[in-house]
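I have placed the structure first, in the form of structure tokens, so that the comments after it can refer back to it.
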């Protein structure tokens with residue numbers, strides 16, 4: 001799995017260890033992530049949770065403007081996590097190499113930006129038009145995912161961009177506001193059925209679980225075991241440990 005380690009230029013990220021305020025801090029965290037299992041870096045300047053303070057796009061960009069060139073200089077894949085076309089365009093012009101579209105590519109302006117740059121596009125599932133309306137549905141989640149991606153990829157076809165899309169089931173914070181046990185059941189079900197998204201013949205990407213919980217290792221093992229192409233993680237070393245454990249089990253094979 002290709003793992004993007006997380007660097008947050010937004011001061012209200014729930015994962016405090018990921019927050020940086022200067023290019024030097026951003027590069028130091030990025031180097032640590034790369035040394036401990038990450039292959040690339042994902043950076044954002046605006047929190048998308050219901051607890052984050054929404055700022056104007058100019059403020060979001062002011063947080064990112066000095067940081068992105070410094071991260072780009074590391075020479076690894078660099079994704080920009082934003083729902084604002086103005087920010088995404090400037091980030092790509094400054095060295096970012098992947099769009100992590102926090103709006104689920106539900107804005108034609110974002111498709112127009114994507115069409116201007118030959119870069120991959122991560123398309124996360126959202127249960128509503130608002131990027132802060134986090135992924136949660138009150139029916140079979142897999143049916144909702146298939147319906148959403150069918151619709152988004154029809155738009156991608158209009159722009160000739162389907163081949164650049166990467167599908168994200170949007171489970172990073174889902175369901176919004178729920179107790180952990182409910183989130184655990186939701187995420188476990190989605191992760192256990194990711195094969196249903198292979199019908200689109202596109203790579204899969206998951207924001208991997210990082211919060212400590214009684215079921216943390218179980219959920220992480222389920223999603224890693226799906227053979228994803230891409231992941232996003234605050235703690236890539238945990239993901240690599242799970243990968244190694246699963247590979248060790250596989251290499252032992254069945255006993256006679």
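A few remarks follow.
- Qualifying residue in region 79-91 (condition: under 18 Å from residue 28 (Cα atoms) and surrounded by fewer than 24 Cβ atoms within 10 Å (Cβ to Cβ)): no
- Filter result for residue 217 (surrounded by 14 or more Cβ atoms within 10 Å (Cβ to Cβ), at pLDDT below 85 and more than 27 Å from residue 104 (Cβ to Cβ)): yes
- Whichever residue in region 162-203 is assigned to a loop (DSSP other than H, G, I, E, B) and at pLDDT 90 or above and, among such residues, is surrounded by the most Cβ atoms within 10 Å (Cβ to Cβ): 169
- From 219, 224, residue being within 17 Å of residue 190 (Cβ to Cβ) and in contact (Cβ under 8 Å) with a residue 60 or more places away in the chain: 224
- Residue match in region 236-256 (condition: assigned to a loop (DSSP other than H, G, I, E, B) and modelled with pLDDT of 90 or more): no
- Scanning region 105-126 for residues that are out of contact with any helix residue (DSSP H, G or I) (no Cβ under 7 Å at 6 or more places or on another chain) and outside any helix (DSSP H, G or I) yields 106, 118, 122, 124, 126.
- In region 7-36, the residues that are part of a loop (DSSP other than H, G, I, E, B) and closer than 15 Å to residue 78 by Cα: 9
- Reported count of residues in region 40-74, each being part of a loop (DSSP other than H, G, I, E, B), buried (at least 16 other Cβ atoms within 10 Å of the Cβ) and in contact (Cβ under 8 Å) with a residue 60 or more places away in the chain, is 1.
- Selection of region 204-214 for residues being part of a loop (DSSP other than H, G, I, E, B) and modelled with pLDDT of 85 or more yields only 208.
- Test: residue in region 139-161 that is at pLDDT 95 or above, closer than 20 Å to residue 56 by Cβ and either surrounded by 21 or more Cβ atoms within 10 Å (Cβ to Cβ) or under 17 Å from the mean Cα position of the chain (by Cα) (or both): no
- Only one of the numbered conditions (1) out of contact with any helix residue (DSSP H, G or I) (no Cβ under 8 Å at 6 or more places or on another chain); (2) assigned to a loop (DSSP other than H, G, I, E, B); (3) surrounded by 15 or more Cβ atoms within 10 Å (Cβ to Cβ); (4) at pLDDT 95 or above is not met by residue 96, and that is (1).
- For first residues located in region 6-27 and on the phi < 0 side of the Ramachandran plot and at pLDDT below 85, partners that are in a loop (DSSP other than H, G, I, E, B) and surrounded by 15 or more Cβ atoms within 10 Å (Cβ to Cβ) and lie 6+ apart or on another chain with Cβ distances below 6 Å form the pairs 12/47; 12/52; 13/47; 15/234.
- Residues in region 81-93 that are part of a helix (DSSP H, G or I) and closer than 14 Å to residue 43 by Cβ: 87, 88, 90, 91, 92.
The values are calculated or read from the model by the stated rules, or taken from the named source; none is laboratory data. Since the structure is predicted, the reported quantities are computational estimates derived from the model, not experimental observations. Note that we place each Cβ from the backbone using ideal geometry, even for glycine, and neighbour counts take in every protein chain shown.
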